[in-house]
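A.B. asks: Got a structure for you, questions after.
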Amino acid sequence: MAQIMTPVWNKCYSTIAVSFNAAAVAFGFCIILLSSTASFAAPSSTPLEDVEECQTMLRTGKYAECLAATTKAIEEKSYGEEWPVLKAQAELALGKYPEALATIAAGIERYSWSVRLRALQYEAALANGQKELAAEATVKTEELASSSAWRYTDADDLIELGDIALALGADAKAVQEGFFERARRNYPSRPDGFIAAARLALAKGDPSFAAELLQKAVTDFPDQPDIQYLYAQAVAGVDEELAAKLIQTVFEINPNYAPALLDIAEKQIMGESYSDAETTLQQILAVNPNQPEAHALRAVIFHLQGNATAEEESRNAGLKFAPKNPKVDHLIGVRLSRKYRFREGAAAQRKALEADPDFVDAKIQLAQDLLRLGEEAEGWQLAEEAHKKDGYNTTVFNLLQLKDSLDRFTTVTTEHFEIRMEKNEAAVYGARTAELLEEAWTVLAARYEYTPETPVFVEIYSRPEDFAVRTFGMPDVAGFLGVCFGRVVTANSPASRKESPTNWESVLWHEFCHVITLQKTGNRIPRWLSEGISVYEERCRDPRWGQRMSPDFRDRILGGKVRPVSELSSAFLKAESGEDLNFAYFESSMVVEHIVNLHGRPALNAILSDLNSGVQINDAIERHAGGLAAFEASFTEYLKKEASELAPNADLKPLTPDMGALASVDQAKAFVEANPTHVGGLLTLASLQIKAGDNTGAEQNLRKAIELFPEDESSSNARTRLAELYRTQKSDQEAAVLAEQVAITADDIASAVRLQELSIQKEDWKTAADLGNYIFGVDPFQPTAIRHSADAAEKLNDTERSVRWLERLAVLQPDDMPRINFRIANVLKAVDKPRARRYVLLALEQAPRFREAHALLLELN
């Protein structure tokens, strides 16, 4: 791009050029420096109320009316750049792209000084696929800004100049501060600066900044659909209810607001409501039959349905006016990747980059796709290239920060897996992770008659922020234990779950099952079926793993709140709470269980094979599960039967204020006498009796609660309360109750730790050893439990297991490493003197005056 060598330009450029990566984009700051001395505007004789009326038409989606009004005004020779600007904007909204260019050309002929028209020419030229004209528009804008800076200080002009600066490659942060922030500051009563700033922040992956910008603006400009919509996008990840209300407001202002309609269509596609998505997209195309994004999303639908001809026709329709528009293939690829079709998504991004090698968004998405496919060398290279091109993009910045963390990881390699984790964590539970995953491979690969591509990459993160960036591209995403992309699995470390411990072994089993089902189906499996199989296989591996029937699930089922099998994918998308999402997992797993019970595993495998061939899920169920309608009916009955068998004689309704006060033993007794099977009432009465010293009465009521609801696995159930009561009484019955508790739940670490302690006291080494494995599967960083496990293994003459426990202990307690190494040497001396000698030498290296170690070394020699 040529520089404009005017004296003013040279002076400004020498002052601020460091903020830009090309002299051609420095003109914006030239305006900023000069505008303090002049603020003149171009003359206009247009009646303000007429312009505002047309602006209202445009804002409220009355594009045809706006076009008619502006056409008339121009024909009547009304003066003002607003008329061709509004007319061209209406034409662009209606898909009249060539007409918009003609309108702009005529407007420029009359208002040659208008940067708004030049900026609009840039947009319209791209819509028409005329990149040379778009480049010319930026040059002309640059010339206008450098020659007459005093003219362009209005909010509209500042925004347009900022957009042109971005198009020329200016640093986004500099544009944000130099143009958009100035527009907000100087014109706080105008929405333009807020809209532009928020749009840029969202485009660069910074929703929190966008939300901060718009929090007040959304009330200051209640009639601006752009602001309502952008704020909805900014808060969607943290407040879905508010986002939904804002979108409703958008449609009240403008029923034809295309960006919001596109978002709705994308969600419908995610929920596999393809006919609803098609209806939404047709609403857009009724207004603008040439809308590229709408045609791109139709191409996505046809791709997912296996209709290659219709897919290509829709893609071509999106590229009708601009065959080299990279945004069409980029959007297609993004949506395919959201459906876990990363290979196809990556192919679409490559098409986008063929059309425009400098299109950063496609480069970033392709980098993420490749990283999720395990093709890391090219993925990280693309991320580096994208960062050099766009240093403000938070997604790629976060990715590269993550790379620094990954470079410090160690790798545990097995026959089928590469497991990456922090070095200290690998020393503690890396071997167990490898052992578990290889077991999962052996069991599940045979069961599903499929051999996955190797190696499978498993990455375990001790920092939830790193896990979120690797998985979702942003750090502020919570609520996920692990995610599988097909060949790559990411998981949160158990170290990150101290506040709410979860069985990490069940998580890895669950995620590896996704490896099988995703790869076997070519990632064509709907989410509900993939999640359902994973949860079902958890329960097959250990009945305590995975979601199981609960009082909440029972009430939902018996209350008729079960989604039809044909609509299960939307259960995940439309979940409004963690309980809704848990039920979606559970219901999906019960569908799988019912298929296997009725038709056997071959039917399930046949469904997966059909999906890989492009058969839709409902058709596959129709073919292999006895017909969809019949299966739906039998599944409903099966689920009701399972629900009705949960504590059939118990009243599991929660206690509510309308049931009366239960503040004293007498009040609670009266309630229980009237409601003898109410588990909540029995627990409340027992607690009050313990406080009153009536341990016998409390024991009786807790025993009755257990009898009524033996499946209760909650953390404060009758068993844990009864065990605590026995503990205060120093009763031998405590261990038996705790054993019942750990037999029905996979992550009650407090009960397991206490039971192991009791087992050690009783020298019940087998139970202590088993509990060590239980505890380790939830929290592998419990030094006392590991020490007890080492003691138990030694007493059972399991030398290798004892050594392994002690090696873990040494990692967790480095200050005690000499004594631990000495103990390992003692364990080994009878079976492996050379190894024992190595450990005792390590102990002496760490503590040279360790007398007992010297004595042991002499003994070994």
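The values are calculated or read from the model by the stated rules, or taken from the named source; none is laboratory data. Since we're looking at a predicted model, the values are computed, not measured. Cβ: placed from backbone, ideal geometry, glycine included. Neighbour counts: every protein chain shown. Ligands, DNA and RNA are stripped out before the accessible areas are found, and what is left, the full protein with its side chains, is counted by its heavy atoms. Shrake-Rupley method; radii C 1.70, N 1.55, O 1.52, S 1.80 Å.
A.B. asks: Which value in nm describes the separation of the simple spin-label points at Glu375 and Glu312, placed 7 Å from the Cα toward the beta carbon?
C.D. replies: 2.2 nm
A.B. asks: Give me the net charge for the shell around Tyr229: Cβ to Cβ below 13 angstrom, other residues only, Lys and Arg +1, Asp and Glu -1.
C.D. replies: -1
A.B. asks: Regarding the range 358-421, what is the average projected area of its C-alpha convex hull, in nm²?
C.D. replies: 4.4 nm²
A.B. asks: What shape does the range 179-220 have by the C-alpha gyration tensor, where a ≥ b ≥ c are the square roots of the eigenvalues, rounded means a/c under 1.5, and otherwise prolate means a/b greater than b/c and oblate the rest?
C.D. replies: Note, shape of the range 179-220 comes out oblate.
A.B. asks: Angle check, please: helix 48-59 long axis (alpha carbons) against the longest principal axis of the chain (alpha carbons), in degrees 0 to 90, nearest 10.
C.D. replies: 40 degrees
A.B. asks: Sticking with this one: State in Å² the accessible area per residue of the chain; use a 1.4 Å probe, count heavy atoms of protein chains only, and round to the nearest integer.
C.D. replies: Computed with neighbouring chains in place, this is 44 Å² per residue.
A.B. asks: Take the Cα of Asp276, step 7 Å along the line toward its Cβ, and report every residue of the range 331-351 whose backbone nitrogen sits under 20 Å from that point.
C.D. replies: It comes to 335-336, 338-340, nothing else.
A.B. asks: Find which of Phe553, Gln224, Trp83 sits farthest along the positive direction of the dipole of the chain, computed with +1 on the beta-carbon of Lys and Arg, -1 on that of Asp and Glu, about the Cα centre.
C.D. replies: Checked the options; the winner is Phe553.
A.B. asks: What is the gain in length, in nm to one decimal, between Asn773 and Glu241 on full extension, counting 0.36 nm per residue of separation less the C-alpha to C-alpha distance?
C.D. replies: Taking Asn773 through Glu241 to full extension adds about 187.3 nm, to one decimal.
A.B. asks: Determine the relative contact order of the chain: mean sequence separation of Cα pairs under 8 Å and six or more apart, normalised by residue count, in whole percent.
C.D. replies: Once normalised by length, the contact order is 6 percent.
A.B. asks: Angle, helix 115-127 long axis vs. longest principal axis of the chain, Cα atoms, 0 to 90°, nearest 10?
C.D. replies: 60 degrees
A.B. asks: With the contact rule set at Cα under 8 Å and sequence spacing of 6 or more, what percent relative contact order holds for the range 381-434?
C.D. replies: After rounding, I find 23 percent.
A.B. asks: If the only charges are +1 at each Lys and Arg Cβ and -1 at each Asp and Glu Cβ, what is the size of the charge dipole of the range 79-147 around the Cα centre, to the nearest 20 debye?
C.D. replies: 100 debye
A.B. asks: For the range 368-495, what D do you get in µm² per second when you plug the Kirkwood radius from alpha-carbon pairs into Stokes-Einstein at 37 °C and 0.692 mPa s?
C.D. replies: Estimated via Stokes-Einstein, D reaches 214 µm²/s.
A.B. asks: Does the range 452-518 come out rounded, prolate or oblate by the C-alpha gyration tensor, with a ≥ b ≥ c the root eigenvalues, rounded set by a/c under 1.5 and, if not, prolate when a/b is larger than b/c and oblate if not?
C.D. replies: Taking the square roots of the gyration eigenvalues as a ≥ b ≥ c, the range 452-518 is oblate.
A.B. asks: From the convex hull of the Cα coordinates of the range 239-308, what is the mean projected area in square nanometres?
C.D. replies: Mean shadow area of the hull around the Cα atoms is 4.9 nm².
A.B. asks: Report the Rg/Rh value for the range 180-265, based on alpha-carbon coordinates and the Kirkwood definition of Rh.
C.D. replies: Ratio of gyration radius to Kirkwood radius for the range 180-265: 0.95.
A.B. asks: Continuing with the same structure: Give me the dipole magnitude in Debye, nearest 20, for the range 143-257 about the Cα centre, with unit charges on the beta carbon: positive for Lys and Arg, negative for Asp and Glu.
C.D. replies: 200 debye
A.B. asks: Between the range 165-232 and the range 790-861, how many Å separate their Cα centres?
C.D. replies: After rounding, the separation between the Cα centres reads 64 Å.
A.B. asks: Note the full-extension length gain between Asp407 and Gln248 as 0.36 nm times their separation in residues minus their Cα-Cα distance, in nm to one decimal.
C.D. replies: 52.7 nm
A.B. asks: Further question on the same structure: Counting only C-alpha contacts under 8 Å and six or more residues apart, can you give the relative contact order of the range 204-265 as a whole percent?
C.D. replies: Once divided by the residue count of the range 204-265, the mean separation gives 29 percent.
A.B. asks: Any chance you could list the semi-axes, whole Å, largest first, of the equivalent ellipsoid that the Cα gyration tensor gives for the range 760-861, using √(5λ)?
C.D. replies: Each semi-axis is the square root of five times an eigenvalue, giving 25, 15, 10 Å.
A.B. asks: Let me ask you something else. Specify the inter-centroid distance of the range 422-472 and the range 68-123, based on alpha-carbon positions, in whole Å.
C.D. replies: 58 Å
A.B. asks: Quick one: Debye curve from the alpha-carbon atoms of the range 450-579 only, equal weights, vacuum; give me log10 I(q)/I(0) at q = 0.11, 0.14, 0.17, 0.18 Å⁻¹ to two decimals.
C.D. replies: Computed log10 I(q)/I(0) values: -0.44, -0.72, -1.06, -1.18.
A.B. asks: Rounded to the nearest 20 debye, what is the charge dipole size of the chain about its Cα centre when +1 sits on each Lys and Arg Cβ and -1 on each Asp and Glu Cβ?
C.D. replies: Dipole magnitude for the chain comes out near 1600 debye.
A.B. asks: Separation between the Arg623 and Asp555 pseudo-spin-labels, each 7 Å from Cα along Cα→Cβ, expressed in nm?
C.D. replies: The modelled label-to-label distance comes out at 4.2 nm.
A.B. asks: So, with a 1.4 angstrom probe, what is the percent of accessible area on the chain that is carbon and sulfur?
C.D. replies: C and S fraction of accessible area: 50 percent.
A.B. asks: Considering the options His416, Thr433, Leu444, tell which one lies farthest towards the positive end of the dipole of the range 318-464, charges being +1 on Lys and Arg and -1 on Asp and Glu at the Cβ, about the Cα centre.
C.D. replies: Sorting the options by dipole projection puts first Leu444.
A.B. asks: Further question: Which residue, Gln667, Ala174, Phe572, has the largest displacement toward the positive end of the dipole of the chain when charges sit on each Cβ (Lys, Arg +1; Asp, Glu -1)?
C.D. replies: Looking along the dipole axis, the top candidate is Ala174.
A.B. asks: Between Leu581 and Asn675, how many nm apart are label points set 7 Å from Cα along the C-beta direction?
C.D. replies: It is 3.1 nm.
A.B. asks: Continuing with this model, one more query. Under 20 Å from a point 7 Å along the Cα-to-Cβ line of Asn605: which residues of the range 567-598 have their amide N that close?
C.D. replies: Residues 592-598 fall inside that zone.
A.B. asks: How long are the three semi-axes of the equivalent ellipsoid for the chain, computed from the Cα gyration tensor as the root of 5 times each eigenvalue, in whole Å, largest first?
C.D. replies: For the chain, the semi-axes come out at 60, 34, 27 Å.
A.B. asks: Can you give the angle from 0 to 90° between the axis of helix 225-235 and the longest principal axis of the chain, with both taken from C-alpha atoms, to the nearest 10?
C.D. replies: Taking Cα atoms only, the helix is inclined about 20 degrees.
A.B. asks: Taking the convex hull of the alpha carbon atoms in the range 530-587, what volume per residue do you get, in Å³?
C.D. replies: 82 Å³
A.B. asks: A follow-up question, please. Using 0.36 nm times the number of residues separating Arg463 and Leu841, minus their current alpha carbon distance, what extension gain do you get?
C.D. replies: Here the segment from Arg463 to Leu841 would lengthen by 132.5 nm.
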